Amino acid sequence: MTQRLLVIEDEPTLARLLSYNLTQEGYEVTIEDHGTSGFERAVQEPFDLIILDLMLPGMNGFDILGKLRAKAIATPVIILTAKNAEEEVVQGLKLGADDYITKPFGVSELLARVGTVLRRVSGAKEEEVPETSDSAIRLGQLEIYPEKYEVMLGSTSISLRPKEFEVLLYLARKPGVVLTRDDLMNAVWGFDYIGGQRTVDVHVSSLRKKLELDPESVHIDSIRGVGYKLVINKKRSSHPQES
């Protein structure tokens, strides 16, 4: 089945360039040149991927991304950012973007990033299994339910974005073990992900803030120049177990 892509971009030349090259690659492409209409189209129709410019009339890309994720619309999103706009990249990733492309970019990079995100999402769907039990990983006050994508800290439910959840789950399966940024990148984003390690740092930073509800029970330590490890307070926890 042909994969459907939504491009929300108000610059006509760039929109035509994106449409032409993606169509040549075999994708079905829909173009929206206004933030509000682009958001409405993303909500009303099923797409396999959204390519989203951040500077748009009507509703900017950050608002679109935030509202899509708030509505639990998990369609993967690649944001288009300006050169040297690290703050835009960080904010976009925190809001739930799956990847980013910095302008100006080449056609090869565009197609490579689109293909990588689509393969990753397709692979995740193929690995999904029916939920058969209430299995959980328990670390002190932290409970992780892999099949439900749910996290509890004490009696409080912690809301995590999909990639935040996957980072936490990977750390939780090896508590106390230092995992490099490459380990996390490969496990969560895949070996063919082209983005930088900054993506990992952004998601870990966001996770830390959400775990601050009970930092004495569990927290994430940074190991300078190496990576991260999940630390469990031994007085309040037991070894991880799945039931």
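Details
- Between helix 162-172 and the chain there is an angle of about 30 degrees, using the helix long axis and the longest principal axis of the Cα atoms.
- Residues whose placed amide H lies under 5 Å from that of LYS229, excluding near-sequence neighbours: LEU179, ASP221, ILE223
- Computed extension gain for LYS209 through THR23, at 0.36 nm per residue and net of the alpha carbon distance, reaches 62.8 nm.
- Of the GluC sites (Glu not before Pro) found in the stretch 138-210, the ones in coil according to DSSP and having at most 15 other Cβ atoms within 10 Å of their Cβ are GLU147.
- For the pair the stretch 49-101 / the stretch 12-46, the C-alpha centres are spaced 15 Å from each other.
- Folded to 0 to 90 degrees: helix 12-24 orientation relative to the chain principal axis, Cα: 80 degrees
- When the surface is traced with a 1.4 Å probe over the full set of protein chains, GLU28 keeps roughly 90 Å² accessible.
- With respect to the chain, whose longest principal axis is taken over its alpha-carbon atoms, helix 107-127 is tilted by about 50°.
- Projected area averaged over orientations for the stretch 1-119, convex hull of C-alpha atoms, nm²: 6.6 nm²
- With the convex hull drawn over the C-alpha atoms of the chain, the volume per residue is 132 Å³.
- Each of ILE73 and ASN186 was given a label point 7 Å from its Cα along the Cα-to-Cβ line. The distance between the two points is 3.6 nm.
- Gain on full stretching of the segment that runs from LYS148 to ARG173 - 0.36 nm per residue minus C-alpha separation: 7.4 nm
- 15 Å beta-carbon shell around TYR100, net charge (K/R +1, D/E -1): -2
- Only DSSP H runs of four or more residues enter the estimate; each adds -39500 (n - 2.57), and after division by the residues of the chain the mean residue ellipticity at 222 nm equals -12000 deg cm²/dmol.
- Once the Cβ-Cβ distance of THR13 and SER37 is raised to the sixth power relative to R0 = 25 Å, the FRET efficiency obtained is 0.80.
The values are calculated or read from the model by the stated rules, or taken from the named source; none is laboratory data. Fair warning: this is a prediction, and the values are worked out from it, not measured in the lab. In this analysis, Cβ positions are derived from the backbone assuming ideal geometry, glycine residues included, and neighbour counts consider all displayed protein chains. Just so you know, the surface numbers come from the protein's heavy atoms only, side chains and all, with ligands and any DNA or RNA stripped out. Shrake-Rupley method; radii C 1.70, N 1.55, O 1.52, S 1.80 Å.
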